[in-house]
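What follows is a single structure, written as structure tokens, with notes after it.
The values are calculated or read from the model by the stated rules, or taken from the named source; none is laboratory data. Values in this document were obtained by computation on a predicted structure and should not be read as measured data. When we count neighbours, we look across all protein chains shown, and the Cβ atoms used for this are built from the backbone with ideal geometry, even at glycine.
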Amino acid sequence: MPFARNQWYVAAYGEDIGDALFGRTICGEPILFYRTADGRVVGMADRCVHRRYPLSAGSRVGDRVVCGYHGFTYDPDGSCVAVPGQSRVPRTARVPSYPVVEQDSLIWVWIGDAAAADSAAIPRAPWLDSPDYTTVRGMEPLAARYELLVDNLMDLSHETYLHAGYIGTPEVAQTPITTETDEDAGVVYARRRMKDVECPPFYANSTGIKGRIDRWQDIEYRPPCLYLLHSRIAPTGLEPGPDGDDSAANHAEIVYAITPETEHSTFDFWMVARDFARDDEEVSAFLAESNRTVVLQDVTALNLLEQAIAAEPEGYQELSINIDTGGLAARRMLHRLIEQS
Amino acid sequence: MPFARNQWYVAAYGEDIGDALFGRTICGEPILFYRTADGRVVGMADRCVHRRYPLSAGSRVGDRVVCGYHGFTYDPDGSCVAVPGQSRVPRTARVPSYPVVEQDSLIWVWIGDAAAADSAAIPRAPWLDSPDYTTVRGMEPLAARYELLVDNLMDLSHETYLHAGYIGTPEVAQTPITTETDEDAGVVYARRRMKDVECPPFYANSTGIKGRIDRWQDIEYRPPCLYLLHSRIAPTGLEPGPDGDDSAANHAEIVYAITPETEHSTFDFWMVARDFARDDEEVSAFLAESNRTVVLQDVTALNLLEQAIAAEPEGYQELSINIDTGGLAARRMLHRLIEQS
Amino acid sequence: MPFARNQWYVAAYGEDIGDALFGRTICGEPILFYRTADGRVVGMADRCVHRRYPLSAGSRVGDRVVCGYHGFTYDPDGSCVAVPGQSRVPRTARVPSYPVVEQDSLIWVWIGDAAAADSAAIPRAPWLDSPDYTTVRGMEPLAARYELLVDNLMDLSHETYLHAGYIGTPEVAQTPITTETDEDAGVVYARRRMKDVECPPFYANSTGIKGRIDRWQDIEYRPPCLYLLHSRIAPTGLEPGPDGDDSAANHAEIVYAITPETEHSTFDFWMVARDFARDDEEVSAFLAESNRTVVLQDVTALNLLEQAIAAEPEGYQELSINIDTGGLAARRMLHRLIEQS
């Protein structure tokens, strides 16, 4: 099994889910999501208990879902309340319900044993709905396994080559990273601190900084799903104050949610939250367009890799170097989560 | 093996087969059909004995077929009569011939042991070329296994949900059915008799009845291929006479031929023969268009189910209720036919 | 394994390979080709040693190749000379290099054990870049296994049926062939000498001969890759002189290179070199267009056969006749090459 179960995954953005029935496969499981009249998002198996018709192809009557094939009708908790041609509903007529939590503008769903779901364990990304940040975002489907996206994001030296002209500069690939793993908390940290370097167009055009910068890339990956890139951009030499105050610098909180759809396909949710030029809609449009372009460059590359894996000979072995330390730590942690589940 | 062999299947409508070479795969077997000069339809394996080239990609010379690759030439009985570069034709040069019968405007082909073919065993649908009926018809290919179409047709309560606005009304799903199985004759009967119910647009617009109706749905399934729905529509209270005469009511003989192409694809032949408004071309056009729409609604749903089956976990179990009695009886009979073949 | 390894295969035409990175899969192995500044063509595995990214999706810096994902940089011999984030290049950082030879306007690549590559063993087709011949050519990808193209080319009686109106006439299929196999040299010869026959449009329009001809088809197949058809077209009765001089006849040296891409796909390189109407551009255009049409007729037929094979029952057996002697000899020789490799 390639997925860690008993884990929270991002299924959608909060605003994706409304009255309409919304079907999405997460970790190979087809799930129906919708928002009830009281605003709560519910998740249940998207497969009628009768003849497996997708409930998302049906309709709603109030908070209930009616299967579009034979009319089996379900409460938001997945229990069947009506069937055609008879008044008695069989006791076992029920589809599995999935714990769902809406937090930080994201819809999280628990895959695995529902009894073990603990919403306090959902990792946070508070910038996404904070009034102190402005966020642009999107989602691109990937025809590649999610591990390839984890690899991609854990090693940003690829920015220099795949994303030159956007976020990549020569210094990214040249600057070594520091990696740290917190096994108890389940986090992999990878930090690259660049001093007195070129400012890539992505930040030059959005922050307005002319000239050279100090650029921090502090990665915080919380497997399996949430990836945070704390990005600090400041004119060279500008340091945080002795009291920790860093408000003179520019910060972009770049968030990815890495959600397996199937063994060979992935949802690549991307968000860029910033504390600068917050009301500037041109900057928002520029960052949205630029980051989407960067993500699509990754999509193209990772889809190629998925095809390369499919064609490669038995026993092919990768060669890892220093830049891969973070990615390898992430793989080990993912591997352990899969084994535990 | 998912197909019942030693059975007759509908391969095409009679008028589909003319001078032209017509290739169609039935139960996984590619077959060439064409009509000889004397009007007889012949069937033979659509695979040259030499290098397996499809004979349907070749040409005809009189009643003979010439392979389009190297010119191997076949008589209508499948025996090879000429090969290139030599005058002697090898003794074993012959492709299998398939028993074919044209009856009730349908081309029936026998799949299995040709010696066991008995044309008297072909089930009848005499309305289709009777002067007392007017028929509209069509065929839609299905990207789904044929069993899903059998399920679909055996339980018409789905009309209420999938075909609302055409043939479905609330009463269809609410009215219980009576099911009967004749193991010796190999027939499953399922009857739903609705009294004083709403007339769906399909019948209101074609019969001209205004007001409520008695509606009978008498299913007669003769596995594996032929499905008959004897549909009676009459103003409420109009009963057949004591002598059995029912000419005052409207009758639609709805015929489906369910022919497996491959394990995961099916030919869905549909025909609607009526004894009312027989010369009214507007009614013919309306019924043809409406029934095609209904069939395409089924096609969409069944193709979704085929995908759902492909993705579902090991050990998934359906839940059956009363409405499924006819479908389950049909499955058992099909299962026995497969085991016998 | 369906391919003969330790063999030379045609990867491209010489003029296909220039400064640009050119990726092509040969016998299932993705290979990067390009031409260095000194004009030499190099081949190396098209798979970065780091994370398998296709090097052909990267870029060149001088004679070196830079991976488009993380910047691993390779010399033309496949050795890695730079990696990101560290100055030390791991000792094992190297991709396999493929022996490449450019000869007779073709790029030959050796698949298998590089140490065993002997460029003297590459079969010749000297007409292709001889000043005494004019050549037209092309390449069509085939969605079919290469053996089907070998079969096709070894038995030209199919010209009568598949290529009527181009190169096929009734006499081709009627005239017996002589087959000879030279096991030591690894050649299959198949000769068809037609006397006083119809001249097909392909040759009538290009040679200008009006009236009947003597037509020789002398096949020389050097498995696995090179197929030569020495075609002689002359007015009936014109024989080579006693000294062997045959300059009064017209000769077309028709060359095919049959290169497996994968188990189920093939590159079909075709070339027509002629010693007549050498400066006539209309004849060149006519022959290029006609031969491409003929090749596309083969492509259509062979793709159909590949699908027929995929669908055919276990245990299906072909029936072979005299015309297949050459093809069967070719298969045996190929089979032995595969077993040896």
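Across the stretch B:311-341, what is the number of residues that are over 18 Å from B:Thr178 (Cβ atoms) and either within 11 Å of chain A (Cβ to nearest Cβ) or β-branched (Val, Ile, Thr) (or both)?
8
Could you count how many residues in the stretch A:266-279 are buried (at least 18 other Cβ atoms within 10 Å of the Cβ) and either of a type outside the set (Gly, Ala, Ser) or closer than 30 Å to A:Ile309 by Cα (or both)?
Residues meeting the conditions: 9.
Please specify each residue of the stretch B:139-157 satisfying the condition of being within 14 Å of chain A (Cβ to nearest Cβ) and either among the aliphatic types (A, V, I, L, M) or closer than 29 Å to B:Ser105 by Cα (or both).
B:Ala144, B:Arg145, B:Glu147, B:Leu148, B:Leu149, B:Val150, B:Asp151, B:Asn152, B:Leu153, B:Met154, B:Asp155, B:Leu156
Name the single residue, out of those in the stretch A:120-160 being hydroxyl-bearing (Ser, Thr, Tyr) and modelled with pLDDT of 95 or more, that is nearest to C:Ser59 (Cα to Cα).
Of everything passing the filter in the stretch A:120-160, A:Tyr146 is nearest to C:Ser59 (Cα to Cα).
Are there any pairs with C-beta distances below 6 angstrom linking a residue in the stretch B:2-13 that is farther than 20 Å from B:Pro141 by Cβ to a residue that is part of a loop (DSSP other than H, G, I, E, B) and hydroxyl-bearing (Ser, Thr, Tyr), with the two at least 6 apart or on different chains, and if so which?
Pairs that qualify, where the first residue is farther than 20 Å from B:Pro141 by Cβ and the partner is part of a loop (DSSP other than H, G, I, E, B) and hydroxyl-bearing (Ser, Thr, Tyr), are B:Ala4/B:Ser341; B:Arg5/B:Ser341; B:Asn6/B:Ser341.
Out of (1) surrounded by fewer than 19 Cβ atoms within 10 Å (Cβ to Cβ); (2) touching a Pro at 6+ places or on another chain (Cβ under 6 Å); (3) within 10 Å of chain B (Cβ to nearest Cβ); (4) not hydroxyl-bearing (Ser, Thr, Tyr), the odd one out for A:Gly85 is which?
For A:Gly85, the failing item is (1).
For the stretch C:164-190, which residues satisfy the criterion of being under 20 Å from the mean Cα position of the chain (by Cα) and either basic (Lys, Arg) or under 24 Å from C:Leu304 (Cα atoms) (or both)?
Hit for the stretch C:164-190 is C:Ile167, nothing else.
Exactly one condition in (1) surrounded by 15 or more Cβ atoms within 10 Å (Cβ to Cβ); (2) assigned to a helix (DSSP H, G or I); (3) more than 10 Å from every other protein chain (Cβ to nearest Cβ) is false for A:Ala308; which is it?
(3)
Exactly one of (1) part of a loop (DSSP other than H, G, I, E, B); (2) under 30 Å from B:Val95 (Cα atoms) is unmet by C:Arg278. Its number?
Result: C:Arg278 fails condition (2) only.
Only one of these is in contact with a Ser or Thr (Cβ under 9 Å, 6 or more places away or on another chain) and more than 14 Å from every other protein chain (Cβ to nearest Cβ): C:Ala277, C:Ala257. Name it.
Selected residue: C:Ala277, the only one of C:Ala277, C:Ala257 that is in contact with a Ser or Thr (Cβ under 9 Å, 6 or more places away or on another chain) and more than 14 Å from every other protein chain (Cβ to nearest Cβ).
Taking the criterion of being in contact with a Ser or Thr (Cβ under 9 Å, 6 or more places away or on another chain), surrounded by fewer than 20 Cβ atoms within 10 Å (Cβ to Cβ), closer than 20 Å to C:Leu21 by Cα and among the small types (Gly, Ala, Ser), would at least one residue in the stretch C:106-114 satisfy it?
Among the residues of the stretch C:106-114, not one is in contact with a Ser or Thr (Cβ under 9 Å, 6 or more places away or on another chain), surrounded by fewer than 20 Cβ atoms within 10 Å (Cβ to Cβ), closer than 20 Å to C:Leu21 by Cα and among the small types (Gly, Ala, Ser), which makes the answer no.
Would you mind stating whether C:Arg215 is over 30 Å from C:Pro2 (Cβ atoms) and modelled with pLDDT of 95 or more?
Yes; evaluated as a whole, the condition is true for this residue.
Consider C:Glu282 carefully, then state whether it is surrounded by fewer than 17 Cβ atoms within 10 Å (Cβ to Cβ) and over 27 Å from C:Leu128 (Cα atoms).
Details: surrounded by fewer than 17 Cβ atoms within 10 Å (Cβ to Cβ): yes; over 27 Å from C:Leu128 (Cα atoms): no.
So C:Glu282 does not fit the description; no.
Conditions: (1) part of a strand (DSSP E or B); (2) of a type outside the set (Val, Ile, Thr); (3) within 14 Å of chain A (Cβ to nearest Cβ). B:Tyr161 meets all but one. Number of the miss?
For B:Tyr161, the failing item is (1).
Filter the stretch B:200-255 down to the residues that are aliphatic (A, V, I, L, M) and either assigned to a loop (DSSP other than H, G, I, E, B) or under 24 Å from the mean Cα position of the chain (by Cα) (or both) and list them by number.
Residues satisfying the conditions are B:Ile209, B:Ile219, B:Leu226, B:Leu228, B:Leu229, B:Ile233, B:Leu238, B:Ala248, B:Ala249, B:Ala252, B:Ile254, B:Val255.
Only one of C:Ser284, C:Ser320 is under 22 Å from C:Arg191 (Cα atoms) and polar (S, T, N, Q). Can you tell me which? Show your work before the answer.
Details: C:Ser284 fails: under 22 Å from C:Arg191 (Cα atoms).
The unique qualifying residue is C:Ser320.
Does at least one position in the stretch A:119-127 carry a residue that is within 18 Å of A:Ile31 (Cβ to Cβ), out of contact with any Gly (no Cβ under 7 Å at 6 or more places or on another chain), part of a helix (DSSP H, G or I) and more than 14 Å from every other protein chain (Cβ to nearest Cβ)?
yes
Of (1) free of Cβ contacts under 8 Å to residues at least 60 places away in the same chain; (2) part of a strand (DSSP E or B); (3) buried (at least 18 other Cβ atoms within 10 Å of the Cβ), B:Arg191 satisfies all except one. Which?
Every condition holds for B:Arg191 apart from (3).
Taking the stretch C:176-196 as the region of interest, how many residues are out of contact with any strand residue (DSSP E or B) (no Cβ under 6 Å at 6 or more places or on another chain) and either farther than 30 Å from C:Arg336 by Cβ or acidic (Asp, Glu) (or both)?
The total comes to 4.
Looking at (1) at pLDDT below 95; (2) closer than 28 Å to A:Gln7 by Cα, which one does A:Arg292 not meet, given that it meets all the others?
Among (1) at pLDDT below 95; (2) closer than 28 Å to A:Gln7 by Cα, A:Arg292 violates only (1).
So how many residues does the stretch B:175-186 have that are out of contact with any helix residue (DSSP H, G or I) (no Cβ under 8 Å at 6 or more places or on another chain) and within 14 Å of chain A (Cβ to nearest Cβ)?
Number satisfying all stated conditions: 2.
Mind listing whichever residues of the stretch C:16-71 are farther than 22 Å from A:Leu319 by Cα and buried (at least 18 other Cβ atoms within 10 Å of the Cβ)?
Passing the criteria: C:Ile17, C:Leu21, C:Phe22, C:Arg24, C:Ile26, C:Cys27, C:Phe33, C:Tyr34, C:Arg35, C:Val41, C:Val42.
Among the residues of the stretch C:286-308, what is the count of those that are farther than 22 Å from C:Ala173 by Cα, of a type outside the set (S, T, N, Q) and without any contact (Cβ under 8 Å) to a residue 40 or more places away in the chain?
Result for the stretch C:286-308: 2.
Go over the candidates A:Ser59, A:Ser87 one by one and state the one that is among the hydroxyl-bearing types (Ser, Thr, Tyr) and modelled with pLDDT under 95.
Numbers: A:Ser59 fails: modelled with pLDDT under 95.
Among A:Ser59, A:Ser87, only A:Ser87 is among the hydroxyl-bearing types (Ser, Thr, Tyr) and modelled with pLDDT under 95.
May I ask you to list pairs of residues, at least six apart or on different chains, whose Cβ atoms are under 7 Å apart, with the first in the stretch B:55-80 being within 15 Å of B:Arg91 (Cα to Cα) and the second being basic (Lys, Arg)?
B:Thr73/B:Arg64; B:Tyr74/B:Arg64; B:Asp75/B:Arg64; B:Gly78/B:Arg94; B:Ser79/B:Arg94; B:Cys80/B:Arg94
From the list A:Thr293, A:Thr300, which residue is within 14 Å of chain C (Cβ to nearest Cβ) and either assigned to a helix (DSSP H, G or I) or farther than 23 Å from A:His163 by Cβ (or both)?
A:Thr300
Could you go through the stretch B:67-79 and let me know if any residue there is touching a Gly at 6+ places or on another chain (Cβ under 9 Å), under 21 Å from B:Glu261 (Cβ atoms) and assigned to a loop (DSSP other than H, G, I, E, B).
no
Can you spot a residue in the stretch B:135-154 that is among the β-branched types (Val, Ile, Thr), out of contact with any His (no Cβ under 7 Å at 6 or more places or on another chain), over 29 Å from B:Asn303 (Cβ atoms) and in a strand (DSSP E or B)?
No: the stretch B:135-154 contains no residue that is among the β-branched types (Val, Ile, Thr), out of contact with any His (no Cβ under 7 Å at 6 or more places or on another chain), over 29 Å from B:Asn303 (Cβ atoms) and in a strand (DSSP E or B).
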